[in-house]
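Contents: one structure, followed by commentary.
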Amino acid sequence: MARNSVGREIPETFAGKKLIPYSDPWSLQPHAERSTRAIRRLTHNGSKLVGGLRDAIIASGLKDGMTISTHHSLRNGDYLLNELVKEIDALGIRDIKIASSSVHIVHAELIPYIRKGVITAFECGVNGPIGELVSKGELDCPIIVRSHGGRARSLITGEVPVDVAFLAAPYCDEYGNFNGFYGPSACGSLGYALVDAQHAHKVVAVTDNLVPFPAVPVGIPQTVVDFVCQVPRLGDPKKIVSSTTKVTTDPIGLQIAKYAAMVIESSGYMKTGFSFQTGTGGISLAVAEHVRNMMRKGNIKGSFGCGGITGYFVDMLEEGLFEALFDVQCFDLKAVESIGRNQKHVEMTAGTYANPFNCGSVVDRLDCAILSATEIDVNFNVNVNTESMGYLLHNTGGHCDVAAGAKVSIVVAPSIRGRLPIVRDEVTTITTPGETVGVIVTERGIAVNDNLPDLKAELIKRGAPVKDIRQLRDEIYSVTGIPKPVEFEDKIVALIEYRDGSIIDVVRQVKP
Amino acid sequence: MADFKLRRSLLYVPGNMPSMLQNIPLFQCDAVQIDLEDAVPLSEKDAARILVRRFLDNYKVRNKEILVRINGLDTKWALDDLKTVLPAKPDGIRLPKADTPEVVEHLDTLLTEYEEELGLRVGHFKILPSIETAEGVLNAPKTARASDRLIGLAFGAEDYTATMEINRTKTGEELFNARMNVLWGAKAAGIQAIDSIFADVNDMEALRKETELIKKLGFTGKCMINPRQIDIIHEVFAPKQEEVDYALEVMDAIKRAREMGTGVISLKGKMIDRPVVVRAARVLNTARAHGMVDIVINEEDINGTE
C-alpha cells in the first residue's frame, strides 16, 4: 500500500495490474507509442455483412478472456450491450471484460451473467445496481472507473486493449460507413465510439437501419469497420435524456444558479470568445439561462460550448451566441436533431474532448464550466462516484477532465440533500482533486479556491456571499450535525482512476 | 418620524415545513412571515408552532425581519401561538382578519403583557395587520391608528375577494378601491402599505405588472408565496439611476442650506424642503439595499440638528 498525494491508501496492484498512485494533475508524462492494430486487407469485393449479432461475434473471433466495448450514446435506452452479452453467453464464451464508454442502469440485466462468469471485469465505470452489488460484496467483479478523457487515453495508449468493439450504428451502409444522426435509434454524436473505431482490434458496426451505400455524412468510415450486422432495434432514443431538461423551479436551485452566474460574471471571461460547458439537470440549465441573458445583454459572442450537448445549448448556437458546439454526446433529442443538420454543431471524439495525453484537448480551451457533486470536502475535493451509503453508483463522466481543463471550474450543489451535509470534512471517494476545482457554489454561499485570488476579490467587491469553505461546512453541520462515517471492509472492489491513469482513490466493500 | 425600514418583499413560509424553514436565512427578501394560519392544516397546528419556536431559537444571527402570522384572535389557537412563539423574539406578528381597530388593540394588550413577562421593552413586538375583508377595508384608516406597534397595513386580496364574492383577476381592477382605502389609511397614519400576494408563481410578467402598478399607487412592498418572486419585486422597487442621482443632489443641497442656517434651498430652480428631503432619503435607503450607493442616511441628515 502507498499513500497518494490526496491521502488515500492505494494498493500496488489490482486485478493483476500494477498501479501508479496519484500525485498531481499535471506532471505524469506518457512514455509510450500510440496503440496499434493489425493492418487488414479486405478480400476484393468481399462482403462485411455477417447476419445477426451471434454471427458477428463468431466472425470477430471473440474468445474466452477477451475484452469488448460498446458506446453509451443511447444511454439508458441502449439495448445492444444486454443483447450482446446474452449472445456471448449462448455461444459459451466466458471471462469477458467490458470496456464500454459507460454502463447504465438499463444494464442491470448483465448481473446474472456476471454471476455466471460470462463477464468478469469492468474496465469502465458503472451507473446503478452493478456498482451497488459490487460494493456490498454480493458481486465479485473488479471495476476500474475512468473519466471520459481517461477512457479515451486508456484505449489510445493501449493500456486497455479492446479486442472487439461492437458499435451501435444508427445510420449505416453495408460497407460499414456510419453516423449517429439519423434513423429510428439516432443518438447524435458518436464521440465515444470514434475512439473505439480507431483503436479496437476488431470493429463491428451493429445497425437497425441499413441504408444503401454510401451512408453520409460519414462519421465512422468503412476503412476501420470489419463487419456489419443487423439487429431488430439498437435502442430507444427517448431514454437518452437522463435527467431533467427543464430549468429548475426549486428556489434553492435557482439561488445556486444565481450565485454561479455571479461567479461567471466576475471571472473576467464573460466577453467575446467566452467558452462554456454545463451539464443537464435543472440547476445547470438555470445557470445556462443566466449565461444566455448575460451574453445577450452584453452583446457577447462566445467561441464554443462543449460537452454533452442539450437543446438549450442548441438554442444558444442558433441564436448566434456561440461560434460552435463541440459535442461528445447528445443529451436530448433536440441536440440529436441539430447535429445532423448544423455544421457548427461539431461531433467531437472523447479523445479530442478530454484525453490528457495529446497535444491539447478541448477541455483545455474552456473558460468556465459547471460541474455537479455528490460530496465536497474542505480541500475542494469532489466525489461524484459513491453515495452516502458508500456504494459505487455513478460513473465519473467528464468531471475530472473538465475540472482540470477549465480556467474556472464551478461546482454547484445544494448544501444539504435529505439530511446529509454535502460540504464536509472528508468525502467518501475522491473523483476530482481539489486543486483543479475553482469554486464551490451552494445556496449558503460561495467558496473560492485559494488558487483564484483575483476571482475571490472580485466576488467580494460585488457583494457576493463569499465564505471560507470551512465556514460553509460549519454552517451546514450546524443544521445537519456531523454524520457518522460509513464503515468499510479492507477489500477493494473498484478503482477510481484519474484521467492520467494514476489512481486517485479506491472503493472498498461496505460493511454490512 | 418616518420609518425607513425596507419592506419591499415579505415572504410567507409555512410553519409546518422544516425543509422550508431551514432555508429562511438564505433568501434575500426583506422580511419573512412564518405562517401558522392558512398554510398549516388543522391537524398540524400544535406541531407547527413548536417547530417554529425551535427554528427561531436556533436562528440566532437574523438577517431579515421575522414576522409570525398567528391564527386569528377569534380562533382557539391564537393564544397558544403567541405563548409559544413570542419567547423566541420574532420582530412582530402578522395579524390576520384585522377587521376592526379593536382586534389590533386586543393584540397590542396581549403583546404588552408578554413583553413585561419576557423582560422586553414595551413596543418591541411590531404588528402588521391584514386588511382582508370588506369590513377591514372600511375600517382601515382607524385600524392604521389603533396601535403604536403598527409598521404598516397589509392588504390581503385573496380573502378580500372571497368576502366580496368576486374573482381576483390578474389585472386587478376589482381591487382598486380597496387598495386605495388601505393606502390612504396607512399613509395618513404615517405607516407603510404592503400589497397582497400574487398567486400565480409561474407568471412572472403578470407579477411584474402588478408590482409596477402597486408601486405607482404608493405601496412600499409586497407579500409573496414563493422565493422565485423576490428578484422581480426587488427589480421593480429598485430606484432608477436618475432618481438616485437626483436624491444625492437633494441631500447635498439641504446640507448646504443647513450650513447657511436655512431649511429651504433651491436646486436647479426647484424648492428643496423637508418633504423633498424625506423622499430623497427613502430613495437613497432603497438604493443602498440594491447596492447602488454606499451611504447611510440618518435622522440628522433629514431633519438637521437642533
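The values are calculated or read from the model by the stated rules, or taken from the named source; none is laboratory data. Everything numeric in this text was worked out from a predicted model, so none of it was measured. Neighbour counts run over all protein chains shown; Cβ positions are idealised from the backbone, glycine included. What goes into the accessible areas is simple: the full protein's heavy atoms, side chains included, and nothing from ligands, DNA or RNA. Shrake-Rupley method; radii C 1.70, N 1.55, O 1.52, S 1.80 Å.
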Inset, instruction - Just give me the residues in segment B:1-30 being within 27 Å of B:ASP80 (Cα to Cα) and either within 12 Å of chain A (Cβ to nearest Cβ) or crowded, with 24+ Cβ neighbours inside 10 Å (or both), in sequence order. - result: B:LEU10, B:LEU11, B:VAL13, B:GLY15, B:PRO18, B:SER19, B:MET20, B:LEU21, B:GLN22, B:ASN23, B:ILE24, B:PRO25
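Quick grid of which residues meet (1) out of contact with any strand residue (DSSP E or B) (no Cβ under 8 Å at 6 or more places or on another chain); (2) open to solvent by 10 Å² or more (accessible area, probe 1.4 Å); (3) free of Cβ contacts under 8 Å to residues at least 60 places away in the same chain:
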site: A:THR349; (1), (2), (3): no, yes, no
site: A:ASN355; (1), (2), (3): yes, no, no
site: A:VAL363; (1), (2), (3): no, no, no
site: A:ASP377; (1), (2), (3): no, no, yes
site: A:VAL384; (1), (2), (3): no, yes, yes
site: A:ALA403; (1), (2), (3): no, no, yes
site: A:VAL408; (1), (2), (3): no, no, no
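Here is a yes/no grid of residues against (1) assigned by TED's automatic domain parsing to the domain that holds A:PRO356; (2) more than 27 Å from the chain's Cα centre (by Cα); (3) open to solvent by less than 50 Å² (accessible area, probe 1.4 Å):
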residue	(1), (2), (3)
A:LEU472	yes, yes, yes
A:GLU475	yes, yes, no
A:VAL479	yes, yes, no
A:ILE482	yes, yes, no
A:ALA494	no, no, yes
A:TYR498	no, no, yes
A:ILE503	no, no, yes
A:GLN509	no, no, yes
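Being open to solvent by 30 Å² or more (accessible area, probe 1.4 Å), within 23 Å of B:MET17 (Cβ to Cβ) and either assigned to a loop (DSSP other than H, G, I, E, B) or away from chain A (no Cβ under 14 Å) (or both) is the requirement here; does B:ALA199 meet it? Outline the logic, then answer.
On the way: open to solvent by 30 Å² or more (accessible area, probe 1.4 Å): yes; within 23 Å of B:MET17 (Cβ to Cβ): yes; either assigned to a loop (DSSP other than H, G, I, E, B) or away from chain A (no Cβ under 14 Å) (or both): yes.
In short, yes.
Could you please let me know if B:SER43 is under 24 Å from A:VAL479 (Cα atoms) and open to solvent by 50 Å² or more (accessible area, probe 1.4 Å)? Walk me through how you get there before you give the answer.
On the way: under 24 Å from A:VAL479 (Cα atoms): no; open to solvent by 50 Å² or more (accessible area, probe 1.4 Å): yes.
The answer is no for B:SER43.
So that you can scan it fast, the table gives a plain yes or no per residue for (1) in the same structural domain as B:GLN33 (by TED's automatic domain parsing); (2) of a type in the set (Asp, Glu); (3) farther than 27 Å from B:ASP91 by Cβ:
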position: B:GLY136; (1), (2), (3): yes, no, no
position: B:ALA140; (1), (2), (3): yes, no, no
position: B:ARG149; (1), (2), (3): yes, no, no
position: B:GLU158; (1), (2), (3): yes, yes, no
position: B:THR169; (1), (2), (3): yes, no, yes
position: B:GLU174; (1), (2), (3): yes, yes, yes
position: B:ALA178; (1), (2), (3): yes, no, no
position: B:TRP184; (1), (2), (3): yes, no, no
position: B:LYS187; (1), (2), (3): yes, no, no
Inset, instruction - Name the residue, out of B:LYS255, B:LYS240, B:LYS222, that is of a type in the set (Lys, Arg) and either at pLDDT 95 or above or surrounded by 18 or more Cβ atoms within 10 Å (Cβ to Cβ) (or both). - result: B:LYS222
Legend entry - Flag if A:PRO30 is open to solvent by 30 Å² or more (accessible area, probe 1.4 Å), touching an Asp or Glu at 6+ places or on another chain (Cβ under 9 Å) and assigned to a loop (DSSP other than H, G, I, E, B): yes
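Any residue at all in segment A:216-230 that is within 14 Å of chain B (Cβ to nearest Cβ), open to solvent by 10 Å² or more (accessible area, probe 1.4 Å) and without any contact (Cβ under 8 Å) to a residue 40 or more places away in the chain? Outline the logic, then answer.
Residues of segment A:216-230 within 14 Å of chain B (Cβ to nearest Cβ): none.
No, the conditions are met nowhere in segment A:216-230.
Any idea how many residues of segment B:78-99 are in contact with a Ser or Thr (Cβ under 7 Å, 6 or more places away or on another chain) and open to solvent by less than 10 Å² (accessible area, probe 1.4 Å)? First the steps, then the outcome.
Residues of segment B:78-99 in contact with a Ser or Thr (Cβ under 7 Å, 6 or more places away or on another chain): B:94-99.
Imposing the further condition that a residue be open to solvent by less than 10 Å² (accessible area, probe 1.4 Å) reduces the set to B:94-96, B:98.
Number satisfying all stated conditions: 4.
If the requirement is being at negative phi, open to solvent by 30 Å² or more (accessible area, probe 1.4 Å) and of a type in the set (Val, Ile, Thr), which of these qualifies: B:VAL103, B:VAL137? Quick ask: steps written out before the conclusion?
Numbers: B:VAL137 fails: open to solvent by 30 Å² or more (accessible area, probe 1.4 Å).
Selected residue: B:VAL103, the only one of B:VAL103, B:VAL137 that is at negative phi, open to solvent by 30 Å² or more (accessible area, probe 1.4 Å) and of a type in the set (Val, Ile, Thr).
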Legend entry - Elements of type strands (runs of 3 or more DSSP E) contained in segment A:261-376, each with 3 or more residues being farther than 25 Å from A:THR249 by Cβ: A:302-309, A:322-330, A:345-347
Legend entry - Count - residues of segment B:31-63 that are within 17 Å of B:ILE93 (Cβ to Cβ), away from every other protein chain (no Cβ under 14 Å) and outside any strand (DSSP E or B): 12
Inset, instruction - Check A:GLY311, A:GLY307, A:GLY279 and return the single one that is at positive phi, touching a residue at least 60 places away in the same chain (Cβ under 8 Å) and outside the structural domain of A:HIS107 (by TED's automatic domain parsing). - result: A:GLY307
Legend entry - Failed item, numbered, when A:THR249 is tested on (1) of a type in the set (Ser, Thr, Tyr); (2) within 13 Å of another protein chain (Cβ to nearest Cβ); (3) under 23 Å from the mean Cα position of the chain (by Cα): (3)
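Collect the residues in segment A:271-309 that are among the hydroxyl-bearing types (Ser, Thr, Tyr) and open to solvent by less than 10 Å² (accessible area, probe 1.4 Å), keeping them in residue-number order.
Of everything in segment A:271-309, those that are among the hydroxyl-bearing types (Ser, Thr, Tyr) and open to solvent by less than 10 Å² (accessible area, probe 1.4 Å) turn out to be A:SER275, A:THR278.
Could you please find all residues in segment A:161-209 being in a loop (DSSP other than H, G, I, E, B), of a type in the set (Phe, Trp, Tyr) and open to solvent by less than 10 Å² (accessible area, probe 1.4 Å)? Please lay out each step first, then the result.
Of all residues in segment A:161-209, those in a loop (DSSP other than H, G, I, E, B) come to A:161-163, A:169-170, A:174-177, A:180-192, A:200-201, A:208-209.
Adding the requirement that they be of a type in the set (Phe, Trp, Tyr) leaves A:175, A:181-182, A:192.
A:TYR192, the sole residue that qualifies.
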Legend entry - Condition check for B:ILE191: away from every other protein chain (no Cβ under 14 Å), in contact with a Leu (Cβ under 7 Å, 6 or more places away or on another chain) and open to solvent by 20 Å² or more (accessible area, probe 1.4 Å): yes
Inset, instruction - Go through segment B:208-228 residue by residue and tally those that are within 14 Å of chain A (Cβ to nearest Cβ) and farther than 20 Å from B:ARG94 by Cα. - result: 1
Legend entry - Every pair of residues 6+ apart whose Cβ atoms lie under 8 Å, when the first sits in segment A:453-476 and is within 11 Å of chain B (Cβ to nearest Cβ) while the second is charged (D, E, K, R) and part of a helix (DSSP H, G or I): A:ARG462/A:GLU265
Legend entry - Condition met for A:THR43 (touching a residue at least 60 places away in the same chain (Cβ under 8 Å) and either buried (at least 19 other Cβ atoms within 10 Å of the Cβ) or not assigned by TED's automatic domain parsing to the domain that holds A:ALA193 (or both)): no
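Filter segment A:386-401 down to residues that are over 22 Å from A:LEU285 (Cβ atoms) and open to solvent by 20 Å² or more (accessible area, probe 1.4 Å) and give me whichever is modelled with the lowest pLDDT.
Taking the candidates together, the pick is A:SER388.
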Legend entry - Which numbered condition B:GLY291 fails, given (1) under 30 Å from B:ASN202 (Cβ atoms); (2) within 19 Å of the chain's Cα centre (by Cα): (2)
Legend entry - Only listed residue being in the same structural domain as A:GLY281 (by TED's automatic domain parsing), open to solvent by 10 Å² or more (accessible area, probe 1.4 Å) and within 26 Å of A:TYR391 (Cβ to Cβ), chosen from A:ILE440, A:ILE416: A:ILE416
Inset, instruction - List the helices (runs of 4 or more DSSP H) that sit entirely inside segment A:99-160 and contain at least 2 residues that are open to solvent by 10 Å² or more (accessible area, probe 1.4 Å) and farther than 21 Å from A:ILE503 by Cβ. - result: A:111-115, A:129-136
